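Just below is one structure, and these are the notes that go with it.
Just so it is clear, none of the values below were taken in a lab; they were calculated from the coordinates. Since we're looking at a predicted model, the values are computed, not measured. Because the Cβ atoms are built from the backbone with ideal geometry, glycine has one as well, and the counts that use them run over all protein chains shown.
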Amino acid sequence: MKALVTGGGGFLGTRIVQMLHARGDDVCALGRNRYPHHEAAGIATVQADLCDAGAILRACEGMDAVFHVAAMPGIWGPRDMFWEINSGGTANVLAACRSCKVPKLVFTSSPSVVFGNGSLCGVDESEPYPETHLADYPKTKAVAERMVLRANAPALATVALRPHLIWGPGDPHLIPRVIERAKRRKLRQVGDGENLVDITYIDNAAEAHILAADALAPGAACAGKAYFISQGEPVTLWAWINELLAAMEVPVVCRRVSYRSADRMGGMFERLYRLLRSRSEPPMTRFLASQLAKSHYFSIEAARRDLGYEPRVSTEEGVRRLLVSLRGE
């Protein structure tokens, strides 16, 4: 398979590229920067911006599959950038796939596309999009996901994956950020601490994408559908975080704030930062408060059935590998 991976230098994109390369596929990593780690491994790279339709068109020529992983993530940032990259960039990828007759597209979505502000407990893919989203990231990802699923056709089979809270060795964001805030004693538990949350080990998330590409074809069971991806067993969020912190000999989280207070503070900070046109991230937002206090875990039975997905790396083994990486062992 000759495949293009957008966001091929990011955390998930890199692992997809590495796994495709390891099994002998002809893979190319696309991103805004150079990726010496791929080049050193003999992996092709292309520098391009998702917003450059012409560059994306050229990159898609001759491809058998496109993995559209690139996105602008985050709980805060310039609204126009979320729309230009997540929505506009996806439109460019779809147009390029059609023009270049790429037969299949695997899109990296997010479970946050169905998250409003209430708990989601074991829901499946029939869960509807909420009427309103609390942040621009899930809103624009939901728009992009709908575009991808609507584009499914005999000439271009599409599928969307929703991996939740990806972590593991090499994670540049989630776990390092939690550890750094805990070291500075800036981390507070939001809510009662009993919320259950899905997580996804990096190798499992990457393998799910490859399984989806292999299964995808016009008329396939997965064509035109979205799938939740996770470890298949949620963790009690704050207990899991504290276990990681304790293992790293970092102060555990002891201070707490109620969800109601965090939600109220988040709304206040959002209004203030919008008024000041600040590009820095507020210490709290309504979306973050909900993510930290509410339960959000999902059924992966559809992915098991249609993609043959199983979280082969257990949470326990993933934590062991993560700790080895963080300790530099």
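Measuring r between the beta carbons of R305 and C121 and using R0 = 25 Å, the FRET efficiency lands at 0.75.
Other residues within the sphere of radius under 14 Å centred on the Cβ of K104, judged by their own Cβ, net out at +1 (K and R +1, D and E -1). Note on L272 and V324: with the Förster distance fixed at 51 Å, the Cβ-Cβ geometry gives a FRET efficiency of about 0.75. For the pair K2 and W240 in one chain, pulling the backbone fully straight at 0.36 nm per residue adds 81.8 nm over the alpha carbon distance.
When you filter the GluC sites (Glu not before Pro) in the range 27-112 for DSSP loop state and at most 16 other Cβ atoms inside 10 Å of their Cβ, you are left with E61. With 28 Å as the limit on Cα-Cα distance, the pairs of K139/K183; K101/K225; K141/K294; K141/K183; K225/K294 that go past it are K139/K183; K141/K183. Of the trypsin sites (Lys or Arg not before Pro) found in the range 238-329, the ones in coil according to DSSP and having at most 13 other Cβ atoms within 10 Å of their Cβ are R255, R277, R279, R312.
Averaging the sequence gap over all C-alpha pairs within less than 8 Å and six or more residues apart, then dividing by the number of residues, gives the chain a relative contact order of 18 percent.
Taking θ as phi - 60° and the Karplus parameters 6.51, -1.76 and 1.60, the scalar couplings of the range 135-144 work out to 8, 6, 4, x, 5, 6, 5, 5, 4, 5 Hz in sequence order, x denoting glycine and proline. With both residues required to sit in the chain, DSSP beta bridges show an antiparallel share near 10%.
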